[in-house]
1. Filter the stretch 44-91 for residues that are out of contact with any strand residue (DSSP E or B) (no Cβ under 9 Å at 6 or more places or on another chain) and β-branched (Val, Ile, Thr) and give the result.
2. Considering the stretch 41-59 alone, what residues qualify as being over 19 Å from ALA135 (Cβ atoms) and either touching a residue at least 60 places away in the same chain (Cβ under 8 Å) or under 16 Å from the mean Cα position of the chain (by Cα) (or both)?
3. Please pick out the residue among ALA88, ALA122, ALA135 that is buried (at least 16 other Cβ atoms within 10 Å of the Cβ) and either closer than 21 Å to PRO176 by Cα or of a type outside the set (Lys, Arg) (or both).
4. Just checking, how many residues over the stretch 123-155 are of a type in the set (S, T, N, Q) and either within 24 Å of GLU43 (Cβ to Cβ) or free of Cβ contacts under 8 Å to residues at least 40 places away in the same chain (or both)?
5. Whether any residue in the stretch 65-73 is farther than 13 Å from ILE173 by Cα, touching a Phe, Trp or Tyr at 6+ places or on another chain (Cβ under 9 Å) and not small (Gly, Ala, Ser) is what I want to check.
6. List the helices (runs of 4 or more DSSP H) that sit entirely inside the stretch 2-78 and contain at least 3 residues that are closer than 23 Å to ARG184 by Cα.
7. Give just the number: which of (1) under 16 Å from the mean Cα position of the chain (by Cα); (2) in a loop (DSSP other than H, G, I, E, B) does ARG114 not satisfy?
8. Just to be sure I understand, how many residues within the stretch 151-194 are assigned to a helix (DSSP H, G or I) and closer than 30 Å to CYS115 by Cβ?
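A short reminder: the numbers here are calculations on the coordinates, not readings from a lab. This structure is a prediction, so every number in the text was calculated from the model and none was measured. In this analysis, Cβ positions are derived from the backbone assuming ideal geometry, glycine residues included, and neighbour counts consider all displayed protein chains.
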Amino acid sequence: MSDQDFFFVVKKQRACRRFSDQPINDSLIGKILEAATFAPSAENSQPWVFVVVRNQSLRTQLHEFAERAWDSGGRDSAATRLDTKLLAEVDDGISGGGYATAPVMIVVAADINRCHPKTIDASILPAIQNILLAATALKLGSALTTITMGFATELQTLLELPNTHVPQALIPIGFPHRPLGPPRRESFVDHTYRDRFTNPWAND
């Protein structure tokens with residue numbers, strides 16, 4: 001793979017909130033999860049745990065957690081921060097059932113026995129990013145969702161996770177329902193400084 005291929009994938013990755021009914025075989029999921037395990041983790045602890053959920057009943061229940069969180073304040077909170085278009089997209093993914101159309105949902109959990117509690121985020125988030133990038137490289141849609149994490153205990157019970165395995169994110173994966181446009185991003189220049197915050201990158 002060339003450098004150009006890598007940057008193409010990075011710039012194409014974006015959230016997918018509605019999926020086609022085209023099935024995904026285990027070999028593709030295996031490639032995605034293998035990519036996840038090549039992410040860095042604190043002290044190489046590799047605390048990630050992946051539960052690949054295909055069962056329709058389980059996927060429905062996972063989505064219901066998101067709906068409950070959205071309806072009980074999540075939407076109202078998001079409405080104070082998101083523009084109208086993005087809010088409508090997220091609302092379609094949750095209230096509209098878009099995420100529920102994903103044929104596969106991956107619950108990413110952290111085995112807290114394998115790493116210091118303060119390093120969980122630093123160890124799990126890079127693996128999640130690799131999942132999103134790998135899915136994009138395979139022409140699959142995906143989305144990082146954490147709204148269900150308010151029901152972490154219920155998730156553990158539903159998926160029969162031990163208390164030492166704490167859910168961190170839920171990632172719906174599938175072929176996109178429609179072609180995805182490029183992500184909306186501000187230039188790095190608007191967020192970058194040279195040596196000190198008072199010296200914007202664009203000054204030189």
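1. THR60, THR80, THR84
2. Hits for the stretch 41-59 are SER41, ALA42, GLU43, SER45, GLN46, PRO47, LEU58.
3. On the way: ALA88 fails: buried (at least 16 other Cβ atoms within 10 Å of the Cβ); ALA122 fails: buried (at least 16 other Cβ atoms within 10 Å of the Cβ).
One residue alone meets the criteria, ALA135.
4. Restricting attention to the stretch 123-155, the residues satisfying the condition of being of a type in the set (S, T, N, Q) are 123, 129-130, 136, 142, 145-146, 148, 153.
Now restrict to residues that are either within 24 Å of GLU43 (Cβ to Cβ) or free of Cβ contacts under 8 Å to residues at least 40 places away in the same chain (or both): 123, 129-130, 146, 153.
Residues flagged as of a type in the set (S, T, N, Q) and either within 24 Å of GLU43 (Cβ to Cβ) or free of Cβ contacts under 8 Å to residues at least 40 places away in the same chain (or both) within the stretch 123-155 amount to 5.
5. Step one: of the stretch 65-73, the residues farther than 13 Å from ILE173 by Cα are 65-73.
This time we only want the ones that are touching a Phe, Trp or Tyr at 6+ places or on another chain (Cβ under 9 Å), so: 65-66, 68-69.
If we keep only those that are not small (Gly, Ala, Ser) as well, we get 65, 68.
Looking through the stretch 65-73, at least one residue is farther than 13 Å from ILE173 by Cα, touching a Phe, Trp or Tyr at 6+ places or on another chain (Cβ under 9 Å) and not small (Gly, Ala, Ser).
6. Correct list: 3-12.
7. Among (1) under 16 Å from the mean Cα position of the chain (by Cα); (2) in a loop (DSSP other than H, G, I, E, B), ARG114 violates only (1).
8. Of all residues in the stretch 151-194, those assigned to a helix (DSSP H, G or I) come to 151-159, 188-191.
Right, trim to closer than 30 Å to CYS115 by Cβ and you get 151-159, 191.
Qualifying residue count, the stretch 151-194: 10.
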